[in-house]
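Written below as C-alpha coordinates is the structure these notes are about.
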Amino acid sequence: MEVNLTRLNQDFHFAATGASGVAVHMDANPEIGGHNQGARPMEMLLMGLGGCSAIDVILILKKQRQEIGSFDIKVTADREKVEEHTEFRNINVHFILGGNLNEEKVRRAIELSLEKYCSVAMALYKTSTITYTLELV
(Lines give C-alpha, C1' and ligand atoms only; values in the text may rest on other atoms or scores of the structure.)
Protein backbone atom coordinates (compact mmCIF):
# COMPACT_ATOMS: atom_id res chain seq x y z
CA MET A 1 0.00 0.00 0.00
CA GLU A 2 1.17 3.49 -0.77
CA VAL A 3 -0.15 6.94 0.05
CA ASN A 4 1.21 10.26 -1.14
CA LEU A 5 1.09 13.63 0.60
CA THR A 6 1.45 16.96 -1.18
CA ARG A 7 2.03 20.13 0.78
CA LEU A 8 -0.53 22.78 -0.21
CA ASN A 9 0.73 25.83 1.69
CA GLN A 10 3.82 26.97 3.55
CA ASP A 11 2.53 25.55 6.82
CA PHE A 12 0.91 22.14 7.52
CA HIS A 13 -1.91 21.73 4.98
CA PHE A 14 -1.51 18.53 2.94
CA ALA A 15 -3.58 16.64 0.39
CA ALA A 16 -3.12 12.90 0.86
CA THR A 17 -4.06 10.36 -1.81
CA GLY A 18 -3.95 6.60 -1.93
CA ALA A 19 -4.72 4.03 -4.63
CA SER A 20 -8.28 5.37 -5.01
CA GLY A 21 -6.94 8.75 -6.10
CA VAL A 22 -9.37 10.55 -3.80
CA ALA A 23 -7.72 13.40 -1.91
CA VAL A 24 -8.12 13.79 1.84
CA HIS A 25 -6.95 17.03 3.41
CA MET A 26 -4.92 17.16 6.60
CA ASP A 27 -3.78 20.15 8.62
CA ALA A 28 -2.37 20.95 12.03
CA ASN A 29 -3.93 22.66 15.01
CA PRO A 30 -3.97 26.49 14.74
CA GLU A 31 -2.07 26.58 18.07
CA ILE A 32 1.04 25.40 16.22
CA GLY A 33 0.40 27.24 12.94
CA GLY A 34 -2.23 25.16 11.18
CA HIS A 35 -5.25 26.69 9.44
CA ASN A 36 -8.08 24.16 10.03
CA GLN A 37 -8.05 23.20 6.35
CA GLY A 38 -8.17 19.47 7.02
CA ALA A 39 -8.47 16.78 9.64
CA ARG A 40 -5.67 16.23 12.13
CA PRO A 41 -3.67 13.02 11.66
CA MET A 42 -4.93 11.55 14.96
CA GLU A 43 -8.52 12.32 13.93
CA MET A 44 -7.85 10.42 10.72
CA LEU A 45 -6.88 7.35 12.76
CA LEU A 46 -10.26 7.42 14.49
CA MET A 47 -12.02 8.06 11.18
CA GLY A 48 -10.20 5.06 9.76
CA LEU A 49 -11.37 2.90 12.65
CA GLY A 50 -14.97 4.00 12.18
CA GLY A 51 -14.86 3.51 8.42
CA CYS A 52 -13.15 0.13 8.57
CA SER A 53 -15.63 -1.21 11.10
CA ALA A 54 -18.62 0.29 9.27
CA ILE A 55 -17.66 -1.52 6.06
CA ASP A 56 -17.29 -4.83 7.93
CA VAL A 57 -20.60 -4.46 9.77
CA ILE A 58 -22.52 -3.52 6.62
CA LEU A 59 -21.04 -6.46 4.69
CA ILE A 60 -21.91 -8.90 7.48
CA LEU A 61 -25.45 -7.57 7.92
CA LYS A 62 -26.10 -7.61 4.16
CA LYS A 63 -25.07 -11.30 4.05
CA GLN A 64 -27.58 -11.91 6.84
CA ARG A 65 -30.28 -10.04 4.87
CA GLN A 66 -30.68 -7.39 7.53
CA GLU A 67 -32.30 -4.19 6.27
CA ILE A 68 -30.18 -1.18 7.26
CA GLY A 69 -32.15 2.04 7.06
CA SER A 70 -29.61 4.38 8.66
CA PHE A 71 -26.04 3.94 9.87
CA ASP A 72 -24.01 6.42 11.91
CA ILE A 73 -20.90 6.02 14.02
CA LYS A 74 -19.45 8.30 16.69
CA VAL A 75 -15.90 7.46 17.80
CA THR A 76 -14.55 8.99 21.00
CA ALA A 77 -11.13 8.48 22.52
CA ASP A 78 -8.91 9.50 25.41
CA ARG A 79 -5.32 10.45 24.64
CA GLU A 80 -2.46 10.02 27.07
CA LYS A 81 0.97 11.59 26.90
CA VAL A 82 3.71 8.98 26.56
CA GLU A 83 7.21 10.47 26.53
CA GLU A 84 7.18 13.08 23.72
CA HIS A 85 3.94 12.03 21.99
CA THR A 86 0.36 11.07 22.81
CA GLU A 87 -1.42 7.76 22.27
CA PHE A 88 -5.04 6.71 22.36
CA ARG A 89 -5.79 4.66 25.48
CA ASN A 90 -9.57 4.21 25.58
CA ILE A 91 -11.62 4.29 22.39
CA ASN A 92 -15.37 3.84 22.18
CA VAL A 93 -17.14 3.21 18.89
CA HIS A 94 -20.81 4.15 19.24
CA PHE A 95 -22.95 2.59 16.50
CA ILE A 96 -26.35 4.16 15.74
CA LEU A 97 -28.35 1.99 13.35
CA GLY A 98 -31.90 2.08 12.14
CA GLY A 99 -33.94 -0.30 10.06
CA ASN A 100 -35.44 -3.74 10.27
CA LEU A 101 -32.59 -5.20 12.35
CA ASN A 102 -32.10 -8.06 14.77
CA GLU A 103 -30.13 -6.65 17.71
CA GLU A 104 -28.17 -9.84 18.35
CA LYS A 105 -27.09 -10.03 14.68
CA VAL A 106 -25.99 -6.41 14.80
CA ARG A 107 -23.99 -6.97 18.02
CA ARG A 108 -22.35 -10.07 16.56
CA ALA A 109 -21.42 -8.19 13.38
CA ILE A 110 -19.85 -5.39 15.44
CA GLU A 111 -17.91 -7.86 17.58
CA LEU A 112 -16.63 -9.74 14.53
CA SER A 113 -15.47 -6.47 13.04
CA LEU A 114 -13.73 -5.09 16.12
CA GLU A 115 -12.25 -8.39 17.27
CA LYS A 116 -11.38 -10.12 13.99
CA TYR A 117 -11.77 -8.28 10.68
CA CYS A 118 -11.00 -4.57 11.07
CA SER A 119 -7.28 -4.05 10.42
CA VAL A 120 -7.36 -0.56 11.90
CA ALA A 121 -8.73 -1.94 15.18
CA MET A 122 -6.03 -4.60 15.23
CA ALA A 123 -3.35 -1.90 14.89
CA LEU A 124 -4.91 0.32 17.58
CA TYR A 125 -5.27 -2.58 20.05
CA LYS A 126 -1.48 -2.41 20.52
CA THR A 127 -1.88 0.74 22.62
CA SER A 128 -5.62 1.09 23.19
CA THR A 129 -8.66 -0.52 24.71
CA ILE A 130 -11.53 -0.46 22.21
CA THR A 131 -15.13 -0.80 23.34
CA TYR A 132 -18.43 -0.32 21.56
CA THR A 133 -21.93 0.80 22.34
CA LEU A 134 -25.02 0.26 20.22
CA GLU A 135 -28.12 2.36 19.76
CA LEU A 136 -30.92 1.01 17.58
CA VAL A 137 -33.29 3.73 16.40
Out of all the residues in segment 50-73, which are in a strand (DSSP E or B), in contact (Cβ under 8 Å) with a residue 24 or more places away in the chain and surrounded by 12 or more Cβ atoms within 10 Å (Cβ to Cβ)? 68, 71, 72
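Just to be sure I understand, how many residues within segment 1-49 are assigned to a helix (DSSP H, G or I), over 19 Å from the mean Cα position of the chain (by Cα) and in contact (Cβ under 8 Å) with a residue 12 or more places away in the chain?
Narrowing segment 1-49 to residues assigned to a helix (DSSP H, G or I): 30-32, 41-49.
Next, only the ones that are over 19 Å from the mean Cα position of the chain (by Cα) stay: 30-32.
With the extra rule that they be in contact (Cβ under 8 Å) with a residue 12 or more places away in the chain, the set shrinks to 32.
The number of residues fulfilling the criteria is 1.
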Answer yes if at least one residue in segment 109-128 is touching a residue at least 40 places away in the same chain (Cβ under 8 Å), under 14 Å from the mean Cα position of the chain (by Cα), exposed (fewer than 14 other Cβ atoms within 10 Å of the Cβ) and closer than 30 Å to residue 7 by Cβ, and no otherwise. yes
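In contact (Cβ under 8 Å) with a residue 12 or more places away in the chain, among the hydrophobic types (A, V, I, L, M, F, W, C) and either under 30 Å from residue 135 (Cβ atoms) or surrounded by 13 or more Cβ atoms within 10 Å (Cβ to Cβ) (or both): does that describe residue 91? I'd like the intermediate steps shown before the answer.
Details: in contact (Cβ under 8 Å) with a residue 12 or more places away in the chain: yes; among the hydrophobic types (A, V, I, L, M, F, W, C): yes; either under 30 Å from residue 135 (Cβ atoms) or surrounded by 13 or more Cβ atoms within 10 Å (Cβ to Cβ) (or both): yes.
The answer is yes for residue 91.
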Examine segment 57-67 for a residue that is of a type in the set (Asp, Glu), closer than 28 Å to residue 1 by Cα and not assigned by TED's automatic domain parsing to the domain that holds residue 2, and state whether such a residue exists. no
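Go through segment 121-133 and give me each residue that's β-branched (Val, Ile, Thr) and part of a strand (DSSP E or B). Quick ask: steps written out before the conclusion?
Step one: list which residues in segment 121-133 are β-branched (Val, Ile, Thr), which gives 127, 129-131, 133.
The answer is 129, 130, 131, 133.
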Is it the case that some residue within segment 110-120 is aliphatic (A, V, I, L, M), part of a loop (DSSP other than H, G, I, E, B) and at pLDDT 95 or above? no
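The values are calculated or read from the model by the stated rules, or taken from the named source; none is laboratory data. These numbers come from a predicted model, not from an experiment. Every residue, glycine among them, receives a Cβ derived from its backbone with ideal geometry; neighbour counts consider all protein chains shown.
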